[in-house]
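Just below is one structure, and these are the notes that go with it.
Readers should treat all values here as calculations from the given coordinates under stated rules, not as data from a laboratory. None of these values were measured; they are calculated from a predicted model. As a convention, Cβ positions derive from the backbone with ideal geometry for all residues, glycine included, and neighbour counts pool all protein chains shown.
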Amino acid sequence: MAMRTLLALLPAVAVAEKWAVIAAGSQGFGNYRHQADACHAYQLMLKSGVPADNIILMMQDDVATSSENPFPGQLFNRPGEDSPDVYKGCKVDYRGKIVTAQLFMDVLTGNTDGASGKVLKSTSDDTVFVNFVDHGGVGIVAFPNGPFLHVKDLSKTLKTMQSKEMFKQLVFYMEACESGSMFPDLEDDGKILAVTASNAKESSWGTYCGDTATVRGKNIGSCLGDLFSVNWMQDDDLGKFASETFSSQITKVTKLTNKSHVCSFGDKSFLNEAIGKVEYSALAASAPDAAQGAVDARDIYVTQAFWAYKNADTSEARAKALQRFNSIVKDRDADEAFFADLAKEACSEVNLVNCQQNLREERHEMNDMDCHYKLTHVVHERCPASEHHYATGGWNGFNMKFSQLLLNLCEGQGPLGKSTEELVELVDRKCAQASRERGVMQAANRRAPVYVFEQQLDTLNLDGSTDGGCETVDPIDQDDKYKRCPTTDQ
């Protein structure tokens with residue numbers, strides 16, 4: 001979709017150029033899908049006619065070379081005997097420890113003082129495509145190094161690009177949980193259209209997971225793609241609908257992404273333009289249903305550990321997988337307990353009905369962005385990092401769902417009788433306490449014999465769902481007020 005979108009938006013003038021910025025915000029083999037998505041997007045940009053010099057790709061680039069990869073030096077974004085290697089020819093401009101949220105912002109705004117390599121040099125005549133894939137929570141998306149990207153910083157970055165007249169039209173595809181929360185202030189005439197994998201209240205989903213993650217007879221051991229990303233890219237690969245509009249494309253991908261609500265934000269003035277003619281790819285014509293093997297992104301780590309346990313072919317591998325599964329479950333339980341305790345203490349000095357439950361479950365909109373910014377950064381800097389989630393700070397792919405609780409604290413300052421500064425002190429103190437407790441727990445885990453939580457294994461299904469996972473079901477509940485897009489005109 002993005003490939004054809006860029007072709008359709010290309011102005012009929014010789015000086016106009018097409019640009020693309022692609023970022024995978026995770027690291028580790030457990031996040032295989034993000035780097036496979038990013039390299040697939042890179043290949044599509046090349047096919048669409050974006051010059052290689054105008055494509056900027058940043059990712060950790062540690063998956064293709066991982067010792068866990070059954071195909072060293074290769075990445076696949078879909079299963080099958082004829083699945084193409086999307087890593088072949090995928091040119092990474094920024095890799096490793098330098099891939100941060102700050103680098104992403106510097107590249108987008110053309111800041112050569114902050115970025116050591118390629119940056120966006122687009123003009124007011126050009127079209128720009130931005131693609132981000134990774135974990136997220138309300139108002140935040142992750143990066144493999146350093147702190148996350150907050151909605152406040154993303155909003156400022158896009159406004160800087162507008163003020164510098166860096167595009168005629170910009171299309172931004174974001175794959176992350178609660179990604180619909182990242183574009184609250186896009187203007188109807190701002191020349192930016194954002195399309196997100198989910199709304200502001202739900203998870204996005206990985207796909208081609210478990211038994212379906214099989215390429216050329218080998219199981220990869222990690223999800224191959226993300227449901228929204230795979231859907232729009234496989235749709236682009238097919239490339240048969242020369243007269244289709246951007247609006248109809250979004251409608252199609254929305255229908256295919258049946259585990260979350262695809263949303264669009266911003267300037268929709270060009271939705272009804274013809275997409276244009278695109279080269280047909282026979283390989284993608286036989287691509288399997290992307291909804292097969294879909295797993296809530298919050299549950300992918302624990303589900304992968306479960307699959308490894310079930311499919312281990314030696315007692316040593318089985319014991320190792322079981323230990324990892326148990327440790328991940330303990331980490332998740334610790335995250336759940338931390339935020340429940342945070343809500344309990346925030347409510348301890350007030351007499352509000354259902355105070356703790358409301359903090360945990362309500363879905364307030366973000367009005368006090370500065371407060372949320374401060375609290376989320378305290379969690380990153382002061383809370384313990386999960387040793388099983390490739391986390392560089394207190395946030396990880398599972399507990400980012402609790403960003404909403406911090407938002408609720410900020411929006412409830414009046415009833416709670418707490419200022420932003422008092423909330424910062426509370427979160428900081430609880431993080432310090434959790435760091436001490438987590439260190440003791442992890443040391444005990446390393447000494448303890450391997451055992452299995454039979455009850456939790458029983459509730460974990462091969463399709464990736466758990467009793468404690470995302471509330472979204474298949475098909476998604478279109479009447480759930482918390483699960484709908486903020487606008488109905490897709």
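What length, rounded to one decimal in nm, is gained on full extension from I98 through to S248, with 0.36 nm per residue of separation minus their alpha-carbon distance? Provide the component values of the computation, followed by the final result.
Numbers: separation 150, 0.36 × 150 = 54.00 nm, distance 3.83 nm.
Contour length minus Cα-Cα distance gives 50.2 nm.
Once you order the gyration tensor axes a ≥ b ≥ c over the Cα atoms, which shape class does the stretch 93-167 get: rounded for a/c under 1.5, otherwise prolate or oblate by comparing a/b with b/c?
Details: a/c = 1.95, a/b = 1.33, b/c = 1.47.
Oblate.
So for T65, T123, T214, T207, fewest C-beta neighbours within 10 Å to most, what's the order?
Values: T65 10, T123 14, T214 18, T207 30.
Starting with the residue having the fewest Cβ neighbours, the order is T65, T123, T214, T207.
Take R436, R33 and order them by how many other Cβ atoms sit within 10 Å, fewest up front.
On the way: R436 11, R33 32.
The order, fewest Cβ neighbours first, is R436, R33.
Starting from the 7 Å offset along Cα-to-Cβ, what nm value, one decimal, do you get for the label separation of R429 and Q292?
5.5 nm
Tell me, what HN-Hα J-couplings in whole Hz come from the Karplus equation 6.51 cos²θ - 1.76 cosθ + 1.60 at θ = phi - 60° for each residue of the stretch 401-414, using x for Gly and Pro?
Result, ordered by residue: 5, 7, 4, 4, 4, 5, 4, 4, 4, 5, 6, x, 4, x Hz.
Would you mind checking the stretch 376-415 for residues with the amide N under 17 Å from a putative spin-label position 7 Å along Cα→C-beta of R436?
382-385
Hey, how many Å between the Cα centroid of the stretch 144-215 and the Cα centroid of the stretch 303-355?
That distance is 28 Å.
Between A52 and E316, what is the spin-label point distance in nm, taking each point 7 Å from the Cα along the Cα→C-beta axis?
Distance between the two pseudo-spin positions: 4.2 nm.
Read phi for every residue in the stretch 216-224 and hand back ³J(HN,Hα) as whole Hz from Karplus 6.51 cos²θ - 1.76 cosθ + 1.60, θ = phi - 60°, with x for Gly and Pro.
Karplus-based 3J(HN,Hα) across the stretch 216-224 equals 6, x, 10, 7, 5, x, 7, 4, 7 Hz.
What's the FRET efficiency of E361 with D189 using the Cβ-Cβ distance as r and R₀ = 35 Å, to the nearest 0.05? Before the final figure, lay out each step's value.
Numbers: r = 37 Å, r/R0 = 1.04.
In this case the efficiency is close to 0.45.
So who's got an amide H within less than 5 Å of the one on G137, skipping anything under 5 residues away but keeping other chains? H placed 1.01 Å off N, in plane.
Close amide H contacts, sequence-distant or interchain: none at all.
Just to check I understand the Karplus step: with θ = phi - 60° and J = 6.51 cos²θ - 1.76 cosθ + 1.60, what whole-Hz values come out for the stretch 28-36, glycine and proline as x?
x, 5, x, 9, 2, 4, 5, 6, 5
What full-extension length gain, to one decimal in nm, is calculated for E68 and K164 as 0.36 nm per residue of separation minus the Cα-Cα distance?
Numbers: separation 96, 0.36 × 96 = 34.56 nm, distance 4.39 nm.
That pair, E68 and K164, stretches by 30.2 nm at full extension.
Quick one: length gained pulling D125 to D211 fully straight, 0.36 nm per residue minus the C-alpha distance? Can you show the working numbers first?
Working: separation 86, 0.36 × 86 = 30.96 nm, distance 4.66 nm.
Working it through step by step, the gained length comes to 26.3 nm.
What residues have an amide H closer than 5 Å to that of S204, excluding those fewer than 5 places away on the same chain, when H is modeled at 1.01 Å from N in the peptide plane?
Amide H neighbours of S204: C177, E178, A297.
What residues qualify as long-range amide H neighbours of V130, i.e. H under 5 Å apart, gap of 5 or more or another chain, H built at 1.01 Å from N?
V21, V171, F172, Y173
Pull out a ≥ b ≥ c, the square roots of the eigenvalues of the alpha-carbon gyration tensor of the stretch 300-459, then state rounded if a/c is under 1.5, prolate if not and a/b is larger than b/c, and oblate in the remaining case. Please report the intermediate quantities before stating the final value.
Values: a/c = 2.46, a/b = 2.22, b/c = 1.11.
Prolate, since a/c reaches 1.5 and a/b exceeds b/c.
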